[in-house]
Amino acid sequence: MASASVIPSATKVLVVDDEPGLRQMLGILLRRHGYDVIAVAGYVAAREAIEQAPQPFPLVLTDLAMPDGSGLDVLADAKRRAPATEVIVITAHSTVENAVEAVRAGAYDFVRKPFETSELVTLVGKALEKHEIVREIRRLRAQIAALPEVVGRSPAMRAVMDLVARIAPTRTTVLITGESGTGKERIARAIHESSERRAAPFLVVNCGALPEALMESELFGHEKGAFTGASSRHLGLFREADGGTLLLDEVGELPLALQVKLLRVLQERRVRPVGATQEVPVDVRVLAATNRDVAAAVAAGTLRQDLYYRLNVIQIELPPLRERRDDIPALAERFMRRFAEEMGKDVVGFTPDAARALASHDYPGNVRQLENTVERAVALAGARAIGLGDLPPEVAGSVGEASASLLELPADGCDLDAVLHEVERRLLVAALDRSGGVRTAAARLLGVSFRSLRYRLGKHSLAEVVDEDASDDPPSA
């Protein structure tokens with residue numbers, strides 16, 4: 001059974017009743033159970049309290065019939081200020097029908113006078129528990145909606161994004177692993193944007209790109225004159241990211257001596273700039289990423305075991321694109337739209353062969369390679385649909401090999417009609433690609449009439465990927 005004990009003791013409750021004795025009793029009862037009670041004598045005072053409260057009341061407890069207004073009006077005002085506010089209506093026996101009307105209008109429930117105090121306290125606890133659940137659901141939905149540019153319909157990516165949503169509100173250190181190009185930085189940014197630190201800086205440092213001599217200074221800062229060339233004071237990335245998030249990309253590239261200092265910063269949450277005598281407190285959430293086999297790095301002695309355990313409180317392993325092929329169409333579509341807009345090109349989709357080629361490639365460079373492939377294709381596209389010829393040879397090749405195999409008779413025979421259907425479709429696509437999508441030119445290449453071409457395009461569901469502007473239609477007879 002729900003009770004008030006599950007709700008924070010600072011929860012504010014607005015009590016509205018024109019009877020001084022009942023108002024006083026309710027105030028004493030609810031304060032005894034840890035609530036912060038504001039009690040007012042009628043509708044007008046309730047309306048002012050609702051409008052002027054710095055934050056909406058999670059719960060309003062109101063009498064239904066009052067001299068200066070109705071509890072239904074209190075309900076309407078409370079819901080107008082904050083739909084998540086729960087309202088419990090107190091009613092006499094003679095107004096039960098009106099109380100039912102209040103529930104239909106959005107009240108959580110009603111109690112009839114006289115009531116048992118234990119019954120009322122239980123009802124208050126349940127109403128506030130519902131309020132907290134609804135608020136948490138809305139917060140999680142807002143987090144998911146705010147996730148930046150992360151596309152994933154595959155079960156593997158849905159599991160990753162579920163974990164991101166659960167750990168984002170914490171300050172826990174996270175280790176993100178995966179092959180190069182799988183989107184580790186995007187996941188780190190998603191964690192930051194879904195956290196309470198989203199308004200503070202999100203900084204990224206590539207540990208493998210920093211000169212070893214400057215790493216300590218870049219991370220922890222330095223004082224003026226700390227070393228040759230230190231002509232001014234430098235805060236360092238940890239202090240620049242104070243209140244926010246710092247991603248240590250390729251953390252396995254840090255020298256062992258600096259790994260020791262990083263471990264101390266993670267444990268103590270304090271940094272000592274180069275040349276300083278005092279440590280400085282920092283409030284930074286640290287995320288780390290690497291494309292290395294971290295267990296092998298620990299075994300080889302290039303990554304300290306104690307640092308590994310400190311970083312690896314929670315691990316997110318991103319699957320390579322070849323293991324999440326279900327995500328390729330959505331990713332390619334998003335990249336296509338973005339690059340088409342950036343380049344000012346009227347590209348709206350992919351031909352079936354091009355889509356098949358994109359989906360069948362292994363992408364050793366993962367999402368980054370797919371992004372580059374689609375950017376190239378949009379730049380080269382001469383029609384509204386990206387064709388096979390717009391793709392790099394290594395991506396288009398697998399479909400080209402499949403085309404050649406159509407001309408070979410399998411040992412167990414074939415379905416001739418199906419093969420001829422596929423050959424016709426591929427020749428139509430090739431003609432459209434070569435003609436830049438101009439149908440009259442494609443018809444000439446295939447030696448068919450324009451009307452025949454249009455019929456065949458419809459038969460193969462290719463009409464929607466061709467420019468429907470009638471400018472290339474022949475004049476009407």
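List of remarks:
- Shape call, the stretch 325-472: gyration tensor on alpha carbons, a/c limit 1.5: oblate
- Once the Cα atoms are used to define both axes, helix 328-343 deviates from the longest principal axis of the chain by about 80 degrees.
- Electrostatic tally near ARG310: other residues with Cβ closer than 11 Å to its Cβ, Lys and Arg +1, Asp and Glu -1, net +1.
- Based on DSSP H segments of at least four residues, each scored -39500 (n - 2.57), the chain has a per-residue ellipticity at 222 nm of -14500 deg cm²/dmol.
- Against the chain, whose longest principal axis is taken from its Cα atoms, helix 416-434 shows a tilt of about 90°.
- Global form of the stretch 4-139, assessed from the alpha-carbon gyration tensor, a/c cut-off 1.5: rounded
- About the centre of its Cα atoms, the stretch 4-139 shows a dipole size close to 460 debye [charges on the beta carbon of Lys, Arg (+1) and Asp, Glu (-1) only; nearest 20 debye].
- The calculated FRET efficiency for GLN24 paired with ARG338, based on their beta-carbon distance and R0 = 60 Å, is about 0.45.
- Among MET25, MET157, MET336, a tally of other beta-carbon atoms within 10 Å of each Cβ gives an order, fewest to most, of MET25, MET157, MET336.
- Between the labelled values [x] 134; [y] 211; [z] 295, the entry that holds volume of the Cα convex hull per residue in Å³ as derived from this structure is [z].
- Treating r as the C-beta distance of ILE314 and ASP293 and R0 as 22 Å, the FRET efficiency rounds to 0.75.
- In the stretch 155-319, the alpha-carbon atoms span a convex hull of 107 Å³ per residue.
- Estimated FRET transfer efficiency (GLN55, GLU185; beta-carbon r; R0 35 Å; 0.05): 0.45
- The antiparallel fraction among DSSP beta bridges confined to the chain stands at about 10%.
- Model label sites at ALA159 and GLU422, defined 7 Å from Cα along the beta-carbon direction, differ in position by 3.3 nm.
- Taking label points 7 Å from Cα along the Cα-to-Cβ direction, ALA359 and GLU48 give a separation of 6.6 nm.
- Neighbour-count ranking [beta-carbon atoms within 10 angstrom, fewest first] of ASP306, ASP353, ASP415: ASP415, ASP306, ASP353
- Near VAL284: Cβ cut-off under 10 Å, other residues only, Lys/Arg at +1 and Asp/Glu at -1. The net charge is +2.
- Above-threshold pairs, the threshold being 32 Å between Cα atoms, out of LYS224/LYS261; LYS130/LYS184; LYS184/LYS261: LYS130/LYS184
- Local electrostatic count at PHE115 - Lys and Arg +1, Asp and Glu -1, tallied over other residues with Cβ under 14 Å: -4
- Ordered by the count of other Cβ atoms within 10 Å of each Cβ, fewest first, PHE220, PHE110, PHE227 give PHE227, PHE110, PHE220.
FYI, it's all coordinate maths here, none of it is from the lab. Everything quoted here is computed from the prediction, not taken from an experiment. Note that each Cβ is placed from the backbone with ideal geometry, even for glycine, and that neighbours are counted across all protein chains shown.
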